[in-house]
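Enquirer: Here you go, one structure.
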4 protein chains.
Amino acid sequence: MKRIDNFKSIVDKYDIIFFDAFGVIKTYQGLVPGIEKTFEYLQQQGKEYYIVTNDASRSPVQLADAYHRYGLTAITSDRIISSGMLTKEYLDLQVQDGIVAYLGTPESQHYIDSSGLHTLPVSEINSTNIDKVNALIFLDDEGFDWQTELNKAVNILRRRTIPVIVANTDRAYPLSVNEVSIAIGGIASMIESVVGKQFIRFGKPDSQMFMFAFDLIREYRPISKKQIVMVGDTLQTDILGGNKFGLDTVLVLTGNTLSKDADTRITATGIMPTYICDSAVVDAGEFSF
Amino acid sequence: MKRIDNFKSIVDKYDIIFFDAFGVIKTYQGLVPGIEKTFEYLQQQGKEYYIVTNDASRSPVQLADAYHRYGLTAITSDRIISSGMLTKEYLDLQVQDGIVAYLGTPESQHYIDSSGLHTLPVSEINSTNIDKVNALIFLDDEGFDWQTELNKAVNILRRRTIPVIVANTDRAYPLSVNEVSIAIGGIASMIESVVGKQFIRFGKPDSQMFMFAFDLIREYRPISKKQIVMVGDTLQTDILGGNKFGLDTVLVLTGNTLSKDADTRITATGIMPTYICDSAVVDAGEFSF
Amino acid sequence: MKRIDNFKSIVDKYDIIFFDAFGVIKTYQGLVPGIEKTFEYLQQQGKEYYIVTNDASRSPVQLADAYHRYGLTAITSDRIISSGMLTKEYLDLQVQDGIVAYLGTPESQHYIDSSGLHTLPVSEINSTNIDKVNALIFLDDEGFDWQTELNKAVNILRRRTIPVIVANTDRAYPLSVNEVSIAIGGIASMIESVVGKQFIRFGKPDSQMFMFAFDLIREYRPISKKQIVMVGDTLQTDILGGNKFGLDTVLVLTGNTLSKDADTRITATGIMPTYICDSAVVDAGEFSF
Amino acid sequence: MKRIDNFKSIVDKYDIIFFDAFGVIKTYQGLVPGIEKTFEYLQQQGKEYYIVTNDASRSPVQLADAYHRYGLTAITSDRIISSGMLTKEYLDLQVQDGIVAYLGTPESQHYIDSSGLHTLPVSEINSTNIDKVNALIFLDDEGFDWQTELNKAVNILRRRTIPVIVANTDRAYPLSVNEVSIAIGGIASMIESVVGKQFIRFGKPDSQMFMFAFDLIREYRPISKKQIVMVGDTLQTDILGGNKFGLDTVLVLTGNTLSKDADTRITATGIMPTYICDSAVVDAGEFSF
């Protein structure tokens, strides 16, 4: 593990960079200051990059739009790999017909639509259609009344033996410097323990996220895991997951892991990034246009 | 472990009977048919009895009133020992001043009122009073908006290092033959894992419930644990808890544990009641008035 | 929570002091320097004191002997309350006949001997006597071959549906400043997850330890929980358990919790002692003989 | 989910068959009777097949030899994909130099040897070489003294912040119809909870096992997940893992899941195979040579 002063020297060693989104590229206050220079440099150098995110609340197109509104046009939808995309792939492969019930916003629903399946919010499941429900998806913590719909979800799962997908494994996400919000991953764990059944989780640190990204690239050119580095702010998801998949990793200190806590947390958890770097910003002074 | 045909022969061996409430005396449909005869027999024989319940949603007086409305007048409030009473004792002993924030109905609040403390629902905590919050209590799953108030509870606990009491350890409770509802114990476990702090749980199988009942009796007469039998429908709470405290136990099959599943579940969990009995009903034919 | 400079000022507020043993009175190097003065002061002031320990490896008499060899004669066997004593009480109340199999040293065995029961190490269980095994006890990590006997214990529990007691809930214990040893509590958790059954645990933070001590005192005089303070070095056992039982608590910094980590750990776990004090030593200069 | 009488009709629908080893092809008594006919049929039909196993105790060559001794020559070492192979890949990618300490037999060691690394049993780690230990691997439950070496492993991990690999996630494995043995996965979980660090697990149900097999095939020909079926006897590993990776699955009843329990367990866990079949045997009468 090495402390590296400038992110540029890390980028220079790899061909492909995977970035976590929240805490690395953006925070609750907007973009990480200077991050647009990183993407300028990546494009100038002909490096590939992907955003690998546990965010299943919106489609890649909607997620890219949010970056564009901030002026970061380098992140296009085809650069975004989300846990929601794995959910969609699962439904395509494993659920042939009937209803897919979900908890989340209408926006989170659209991009999991799969041919032959009818996607409905849990609130629209009732005695006339419950026996057609063939999968239940936890997509987002917004968009439904928790008390009513979580109790309904429990009772759907007591009646139907069906796969349950958790499209975002995070337990909480930051709202501001002092506040967090319970994420759908935390809610899903509660329902899992109440019904006593085993859910399927997509999202870092699970390797399937990294494999999905890796496969997308391999479709058009051969690569080795040694050419890729994963950049993240969270030891338990970005760093553990990237490392387990065989990638080198960079812990940045602009998000979940504060500079003063980094060493303590690495020792306590045993999760060791290849590099630690203050941020994923390539300083303007570090390269010439 | 013995299968016993009539509950009367068990009662005859002990001086004091502890009953779980739900699944033993009442179900979602009302009283267990014939259960009033059990209490007639207990009174006739001069046996003592207590209801030992994880229900913290209402005070003993309110819980007793519900039995009276069903015609079961033998259960008076002084016969009821609830996990809410342990919460009250904890506040009396360990929290001197300030605000006790709670999640639950207004009825669940009143009986935890403790002198010197100001009891407020989480919904009334804000930036002007948050620094006076000295305890947070999970009382009941009803009476508050889950999304808003659970997120608020998380952020109170990120700001304040205070004891958190879970007054009901159950994860779910039955609403009808087919439906259950998430209980406050399940909700509290989710919040505990999101904030990463350790909560204090009162309620079976924790011994403190049994100790509280045991102490109440010992205040006016000497008893031994050998004179008491615990009657319950749930292996993980009533039977495990009673057994660990050193009491003999009876598993009845009118609630959570179905007759066809009893042996399998006992073998699977390793939790072994002293007796198994179809119900806690002492049949009219079994005793003469 | 208050930082207190001298332990004497805490002692002066209570009538009865409960002490954890390891990390409070002794360490792997012997007695905590000066601790004998604390017991002189307690005796001079007519305060009562008890050692409340998760050590089930030896009987109270043997534990007291160890203090006497160090010159601390104030700790007599009747002052020691161990998790092994709860195990003995459980066997007396709940296991009538047959064999009690145990993992531990021969010394740990003797004091759980209960009338009518035959106590045997797991190594002596075989096809001729396995069907008479009516309880299995995890007493100590020493005294048996781990690979052979732990595998045997698993297979006993697959054949017999019997209560399993874990007489020490600790997962590890310190051997020297840098080394720890896996404790029987950690081993028992592994076996529990392999066999999928629920074990009975005695030992702090479980309230039954505190209740046992409380009851011993009440046998000869009335007391209130407000008169007792629990002194310990471990947040998750001594402080959480004492607090939950309703006792005031003192965290001392001579054992598991280092001075530099105390505040961080209290905030991280949410377990808050009533007082923090460098050690349980009452300084000689603080009282006159 | 469909109950299928003859395994042949399942084989006919897919191009590639993944088999679990234990409980599907062999049991503690030797080969599953008739299983050689399945491999004859697969070869006759030009179907591909792989053994996907959590066994890291021996190399693929040694595992294949064991089948050959039973007369099953169809299983060659290049058909075997084990969790040990993922461990080897991890070391190649992520550990550059120093010592890899392991728990297991000498046979389990050889095939994780990686260039530039020195592989040593935990028993040979001491004060002169501990600071060069750069990874710790849990390979097998045999080949070391549990008490001495597990305590040593704990203290290595307290001193060194290094990746820890668990090469077999199973908690137990069957020895005979009535007996099981604790597996290295169960032991590793105990050490993980004692040291409080996060270990890396390879082995089903983790997707990385399936991905590894999938990638091996794709190196020489294009395939889709829809062409593959996973055959296993264990819901929590084979079926859950295969299903999550997007494969169709067959639960066979020759191993961990007994015919009488299959429906109950599927409902209880919510893990649903695509098919249930008595065994993986293609009956001789079902095809002509």
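Enquirer: Select from A:F138, A:F202, A:F39 the residue whose mean-square fluctuation is largest in a Gaussian network model of chain A (Cα-Cα springs shorter than 10 Å).
Expert: Its mean-square fluctuation being the largest, the pick is A:F39.
Enquirer: Rank the residues C:S259, D:S83, A:S57 as a footprinting-exposure proxy: fewest other Cβ atoms within 10 Å of their Cβ go first.
Expert: Working: C:S259 10, D:S83 27, A:S57 23.
Arranged by neighbour count, lowest to highest, C:S259, D:S83, A:S57 become C:S259, A:S57, D:S83.
Enquirer: I need the inter-copy label distances for D:G30: point set 7 Å along Cα to C-beta, values in nm with one decimal, smallest first.
Expert: In ascending order, 6.6, 6.6, 7.6 nm.
Enquirer: In addition: Taking amide hydrogens as modeled 1.01 Å from N in the peptide plane, which residues meet the under 5 Å criterion relative to D:T119, leaving out close sequence neighbours?
Expert: Placed amide hydrogens put D:V100 under 5 Å from D:T119.
Enquirer: Right, something else. DSSP beta bridges in region D:1-119, what fraction antiparallel, as a percent rounded to 5?
Expert: Numbers: 2 of 13 bridges.
Close to 15 percent.
Enquirer: Two-decimal Rg/Rh of region B:18-101 from alpha-carbon positions, Kirkwood Rh?
Expert: Details: Rg = 14.9 Å, Rh = 14.0 Å.
Result for region B:18-101 is an Rg/Rh of 1.06.
Enquirer: Using the number of other C-beta atoms within 10 angstrom as an exposure proxy, rank A:K260, A:K47 with the fewest first.
Expert: In order of increasing Cβ crowding within 10 Å: A:K260, A:K47.
Enquirer: Taking each label point as 7 Å beyond Cα in the direction of the beta carbon, state the distances from A:G46 to the same residue in the other copies, shortest first, in nm.
Expert: Ordered by increasing distance: 4.2, 9.2, 10.0 nm.
Enquirer: Rounding to the nearest 10 and keeping the result within 0 to 90°, find how far the Cα-based axis of helix A:184-195 lies from the longest principal axis of chain A.
Expert: Roughly 40 degrees between the two axes.
Enquirer: Shifting gears a bit: Rounded to whole Å, how close does chain A get to the rotation axis onto C by Cβ? Give me the residue too, please?
Expert: Axis-proximal residue of A, distance in whole Å: A:T264, 4.
Enquirer: In units of 2.2 N^0.38 Å, what is the alpha-carbon radius of gyration of chain C?
Expert: 1.04
Enquirer: Let me ask you something else. Pick from D:Q94, D:Q62, D:Q236 the residue whose mean-square fluctuation is largest in a GNM of chain D, springs joining Cα atoms under 10 Å.
Expert: The residue that fluctuates most here is D:Q94.
Enquirer: Explain nothing, just the number: relative contact order of region A:84-201, from Cα pairs under 8 Å at least 6 residues apart, as a whole percent. Intermediate results must be reported in sequence, preceding the final value.
Expert: Details: 199 pairs, mean separation 28.4, N = 118.
Worked out over region A:84-201, it gives 24 percent.
Enquirer: Right, next: When a/c is below 1.5 the answer is rounded, else prolate if a/b is larger than b/c, else oblate, so apply that to region C:30-69 with a ≥ b ≥ c taken from the square roots of the Cα gyration tensor eigenvalues. Write out the running numbers ahead of the final one.
Expert: Details: a/c = 2.31, a/b = 1.62, b/c = 1.43.
The shape class here is prolate.
Enquirer: For chain A, with a Gaussian network of springs between Cα atoms less than 10 Å apart, report the residue from A:V133, A:V194, A:V52 with the top mean-square fluctuation.
Expert: Answer for the Gaussian network model of chain A: A:V194.
Enquirer: Let me ask another. About its Cα centre, what dipole magnitude does region A:84-201 give when the only charges are +1 on Lys and Arg Cβ and -1 on Asp and Glu Cβ, stated in debye to the nearest 20? Mind dumping the intermediate values first?
Expert: Details: 9 positive and 15 negative charges, 111 e Å.
Roughly 540 debye, rounded to the nearest 20.
Enquirer: Would you mind ranking B:M230, B:M272, C:M85 so that the residue whose beta carbon has the fewest other beta carbons within 10 Å leads the list?
Expert: B:M272, C:M85, B:M230
Enquirer: Give me the orientation-averaged projected area of the Cα convex hull of region D:84-201, in nm², one decimal.
Expert: Values: hull surface 28.4 nm².
Mean orientational projected area (region D:84-201, Cα hull): 7.1 nm².
Enquirer: Would you work out the relative contact order for chain A, in percent, from Cα pairs under 8 angstrom that are 6 or more residues apart?
Expert: Numbers: 551 pairs, mean separation 69.2, N = 289.
Reported as a whole number, the value is 24 percent.
Enquirer: Here's another thing I want to ask about it. Would you mind checking which residues have amide H under 5 Å from B:I276's amide H? H placed 1.01 Å from N; only 5 or more apart, or other chain.
Expert: Amide H neighbours of B:I276: B:K2, B:R3, B:I4, B:L251.
Enquirer: Past the 22 Å Cα-Cα mark, which pairs from B:K225/C:K226; B:K197/D:K204; B:K225/C:K88? If you can, show how the numbers build up before the last one.
Expert: Working: B:K225/C:K226 26 Å; B:K197/D:K204 32 Å; B:K225/C:K88 14 Å.
The pairs that break the limit, which is 22 Å between Cα atoms, are B:K225/C:K226; B:K197/D:K204.
Enquirer: While we're here: Take the alpha carbon atoms of region C:99-120, find their center, do the same for region A:135-200, and report the distance between the two centers in whole angstrom.
Expert: 48 Å
Enquirer: Here's a follow-up. Can you list the copy-to-copy distances for B:T161, using a point 7 angstrom from Cα toward Cβ, in nanometres, shortest first?
Expert: In ascending order, 2.2, 4.7, 4.9 nm.
Enquirer: Calculate the FRET efficiency for A:R159 and D:R265 from the Cβ-Cβ distance with a Förster distance of 25 Å, rounded to the nearest 0.05.
Expert: Working: r = 18 Å, r/R0 = 0.71.
With a Förster radius of 25 Å, E is 0.90.
Enquirer: Where does the charge balance sit around B:G98 when Lys and Arg score +1, Asp and Glu -1, over other residues with C-beta under 11 Å from its C-beta? Before the final figure, lay out the partial values.
Expert: Values: positive: B:K132, B:R160; negative: B:D97, B:D131.
Residues near B:G98 contribute 0 overall.
Enquirer: Further, regarding this structure: Give, to the nearest whole percent, the P(r) tail of the protein assembly as shown beyond 50 angstrom, counting all Cα pairs.
Expert: 28 percent
Enquirer: Please list, in order along region C:138-144, the HN-Hα scalar couplings obtained from phi with the Karplus expression 6.51 cos²θ - 1.76 cosθ + 1.60 (θ = phi - 60°), rounded to whole Hz, x for Gly and Pro.
Expert: 8, 9, 7, 7, 9, x, 7
Enquirer: So how tilted is helix B:146-159 from the main axis of chain B? Cα-based, degrees 0 to 90, rounded to 10.
Expert: Around 70 degrees separate the two axes.
Enquirer: With angles folded into 0 to 90 degrees, how steeply does helix C:35-44 sit against the dominant principal axis of chain C? Use alpha carbons for both and round to 10.
Expert: Taking the Cα atoms of chain C, the angle to C:35-44 is about 70 degrees.
Enquirer: Rounded to the nearest 500 deg cm²/dmol, what is the calculated helix-only ellipticity per residue at 222 nm for chain C, with -39500 (n - 2.57) per DSSP H run of length n ≥ 4?
Expert: On the way: 10 runs with 94 residues, N = 289.
The helix-only estimate for chain C comes to -9500 deg cm²/dmol at 222 nm.
Read-outs: derived from the displayed coordinates by stated rules, not from any lab. These numbers come from a predicted model, not from an experiment. FYI the Cβ positions are ideal-geometry reconstructions off the backbone, even for glycines, and counts take in every protein chain you see.
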